[in-house]
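Undergrad: Handing you this structure, nothing more for now.
The values are calculated or read from the model by the stated rules, or taken from the named source; none is laboratory data. Everything numeric here is computed off the predicted structure, so don't read it as measured data. In this analysis, Cβ positions are derived from the backbone assuming ideal geometry, glycine residues included, and neighbour counts consider all displayed protein chains.
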Amino acid sequence: MKHWKNPLDYDWPVIVENRDLRRTLPDIEAFFESARHEAESLPRVNNVVRDEALVEFSPCPICGSQDTPTGFVKYGFIYADCRACGHLFVKNRLREDVLLGLYQSSATDKLDRKVKTSQPHLDYWGQLHEKYLMLVGTLGITSKNALDVGCGAGTFLKNMCAMTDLIPHGLDFCEDTFQDIVALTGRENYYYRLRMEDVDFGDKRFGLITLWGVLEHLVDPFSVLSRCAEVLAPDGRVLLLIPNAHSRAIRILGVQTPTLHPRGHINLCTESSFALLAKNSGLIIERRFQELPVIDLMHPFISYDEDCVREIVAANEAYYDVYLLRRA
């Protein structure tokens, strides 16, 4: 997959065949069923989780607006649209302490990490990581320190170590992958059970900070990105991947779209809300890319060929957005 020879090549998404993914990987369905059961087991009033020991009702986490009408309710959680900045978010999100406990050791999150170590996922993400590591390698970044925030099962760190001479650092709460991450980073470079905002990095600065499918899980994406900007080397970059709130998948599948997973995916940025988030965090969007794993649930409703891919990308309706950011 080393066909990215000029900057425009990176605008074409990584394409894999995953038409029968749920049939070949039943753990995917097991994960979503576990997430649904976990959410639906929470007490509800008029179909909404309201227990203050579990959830907090919040304004828009990007701009603070209270003008956030309900879009829909899924599994007892309210997805709201901010009229001020266009952000889509869970209004009655789980409290941060509850979320961090789940990310650490819940059966649902362990299933998610198991799925991410399956061969089809390793093949897809291996190609994706290679693409963006090659891009980063063209930028002339001087610092070799690289921090993967929310490193999970360590897939990106493993690929980075295999493909580059960057010095790996990781941050996460997962107890079942602790030894795997330490084997890659060393204990001193693994910030375990620490929020990004709470880590004392001393004078260490990073040439690359990555967040692969992490920002949507965060209670306060602004504080995390602001901290990234603070510890970024002067010529460093932040590289992050997030679900696209205006994807073709959501347009076709509606509330059944897997990325609308309210226990975990509490923030879904639009192009406008992410631009505001980056600006307020002290970061500049250098480039935006789209990635298009056409999820298996979409196949009955599309004609999947290169023309379809071009149309989805032209309409900014890919499943993922990838942003390359630098300090303002």
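Undergrad: Out of the residues in the stretch 305-327 that are of a type outside the set (A, V, I, L, M), more than 16 Å from residue 243 (Cβ to Cβ) and not in a helix (DSSP H, G or I), state the one that is farthest from the chain's Cα centre (by Cα).
TA: For the stretch 305-327, the residue satisfying everything is 305.
Undergrad: Can I ask one more? Residues to consider are 220, 235; find the one that is in contact with a Pro (Cβ under 7 Å, 6 or more places away or on another chain), modelled with pLDDT of 95 or more, surrounded by fewer than 20 Cβ atoms within 10 Å (Cβ to Cβ) and more than 19 Å from residue 109 (Cα to Cα).
TA: 220
Undergrad: If you take the residues in the stretch 9-25 that are charged (D, E, K, R) and assigned to a helix (DSSP H, G or I), which one is farthest from residue 115 (Cα to Cα)? If you could, list the steps in order and put the result at the bottom.
TA: Let us first name the residues in the stretch 9-25 that are charged (D, E, K, R), namely 9, 11, 17, 19-20, 22-23.
If we keep only those that are assigned to a helix (DSSP H, G or I) as well, we get 9, 11, 22-23.
Numbers: 9: 29, 11: 27, 22: 11, 23: 13 Å.
Within the stretch 9-25, the match that is farthest from residue 115 (Cα to Cα) is 9.
Undergrad: Do you know which residues across the stretch 148-163 are assigned to a loop (DSSP other than H, G, I, E, B) and in contact with a strand residue (DSSP E or B) (Cβ under 8 Å, 6 or more places away or on another chain)?
TA: First pass over the stretch 148-163, keeping only residues assigned to a loop (DSSP other than H, G, I, E, B): 150-154.
Across the stretch 148-163, the qualifying residues are 150, 151, 152, 154.
Undergrad: OK, next. Is there any pair with a first residue in the stretch 153-170 that is under 17 Å from residue 204 (Cβ atoms) and touching a residue at least 12 places away in the same chain (Cβ under 8 Å) and a second that is polar (S, T, N, Q) and outside any loop (DSSP other than H, G, I, E, B) whose Cβ atoms are under 6 Å apart and which are 6 or more apart or on different chains, and what are they?
TA: Here the result reads 167/145; 168/185; 169/185; 169/189; 170/185, each pair linking the stretch 153-170 to a residue that is polar (S, T, N, Q) and outside any loop (DSSP other than H, G, I, E, B).
Undergrad: Quick check: is even one residue across the stretch 283-304 modelled with pLDDT of 95 or more and either among the basic types (Lys, Arg) or assigned to a loop (DSSP other than H, G, I, E, B) (or both)?
TA: Among the residues of the stretch 283-304, at least one is modelled with pLDDT of 95 or more and either among the basic types (Lys, Arg) or assigned to a loop (DSSP other than H, G, I, E, B) (or both), which makes the answer yes.
Undergrad: Look at residue 253 and say whether it is at pLDDT below 95, of a type in the set (A, V, I, L, M, F, W, C), outside any strand (DSSP E or B) and touching a helix residue (DSSP H, G or I) at 6+ places or on another chain (Cβ under 8 Å).
TA: Against the criterion (at pLDDT below 95, of a type in the set (A, V, I, L, M, F, W, C), outside any strand (DSSP E or B) and touching a helix residue (DSSP H, G or I) at 6+ places or on another chain (Cβ under 8 Å)), residue 253 qualifies.
Undergrad: Within the set of pairs 6 or more residues apart or between chains, which connect a residue that is touching a residue at least 40 places away in the same chain (Cβ under 8 Å) and among the hydrophobic types (A, V, I, L, M, F, W, C) inside the stretch 70-84 to a residue that is surrounded by 18 or more Cβ atoms within 10 Å (Cβ to Cβ) and part of a strand (DSSP E or B) with Cβ atoms less than 7 Å apart?
TA: 72/79; 77/90; 77/92
Undergrad: Here's a check for you: in the stretch 37-55, which residue that is modelled with pLDDT under 95 and surrounded by 16 or more Cβ atoms within 10 Å (Cβ to Cβ) is farthest from residue 262 (Cα to Cα)?
TA: The selected residue is 38.
Undergrad: When you scan the stretch 203-215, do you find a residue that is surrounded by fewer than 18 Cβ atoms within 10 Å (Cβ to Cβ), among the charged types (D, E, K, R), within 21 Å of residue 241 (Cβ to Cβ) and in contact (Cβ under 8 Å) with a residue 12 or more places away in the chain, even just one?
TA: no
Undergrad: Under 6 Å by Cβ, and 6 or more places apart or on different chains, what pairs join a residue from the stretch 100-117 that is farther than 14 Å from residue 35 by Cα with one that is loosely packed, with under 15 Cβ neighbours inside 10 Å?
TA: As it stands, the answer is 104/175, since those pairs meet every condition given.
Undergrad: Of everything in the stretch 94-124, what is in contact with a helix residue (DSSP H, G or I) (Cβ under 8 Å, 6 or more places away or on another chain) and among the basic types (Lys, Arg)? Give them in sequence order. Show your work before the answer.
TA: Kept after step one, since they are in contact with a helix residue (DSSP H, G or I) (Cβ under 8 Å, 6 or more places away or on another chain), are these residues of the stretch 94-124: 94, 99, 102-103, 106-109, 111-112, 114-118, 120-122.
If the condition is that a residue be in contact with a helix residue (DSSP H, G or I) (Cβ under 8 Å, 6 or more places away or on another chain) and among the basic types (Lys, Arg), then 114, 116 are the ones that fit.
Undergrad: Which pairs have Cβ atoms under 9 Å, sit 6 or more apart or on different chains, and link a residue in the stretch 241-262 that is on the phi < 0 side of the Ramachandran plot and among the charged types (D, E, K, R) to one that is assigned to a helix (DSSP H, G or I) and crowded, with 17+ Cβ neighbours inside 10 Å?
TA: Listed pairs, sorted by first residue: 248/298; 248/312.
Undergrad: Go through (1) more than 13 Å from residue 206 (Cβ to Cβ); (2) surrounded by 18 or more Cβ atoms within 10 Å (Cβ to Cβ); (3) modelled with pLDDT of 95 or more; (4) not β-branched (Val, Ile, Thr) and name the single condition residue 179 misses.
TA: (2)
Undergrad: On the given criteria, is residue 197 touching a Lys or Arg at 6+ places or on another chain (Cβ under 7 Å) and at pLDDT 95 or above?
TA: yes
Undergrad: In the stretch 263-278, which residues are of a type in the set (Gly, Ala, Ser) and either buried (at least 20 other Cβ atoms within 10 Å of the Cβ) or in contact (Cβ under 8 Å) with a residue 24 or more places away in the chain (or both)?
TA: Residues satisfying the conditions are 264, 272, 273, 278.
Undergrad: Only one residue in 140, 213, 152, 186 is at pLDDT 95 or above and within 25 Å of residue 107 (Cβ to Cβ), so which one is that? Spell out the reasoning first.
TA: Working: 140 fails: within 25 Å of residue 107 (Cβ to Cβ); 152 fails: at pLDDT 95 or above; 186 fails: within 25 Å of residue 107 (Cβ to Cβ).
So the residue among 140, 213, 152, 186 that is at pLDDT 95 or above and within 25 Å of residue 107 (Cβ to Cβ) is 213.
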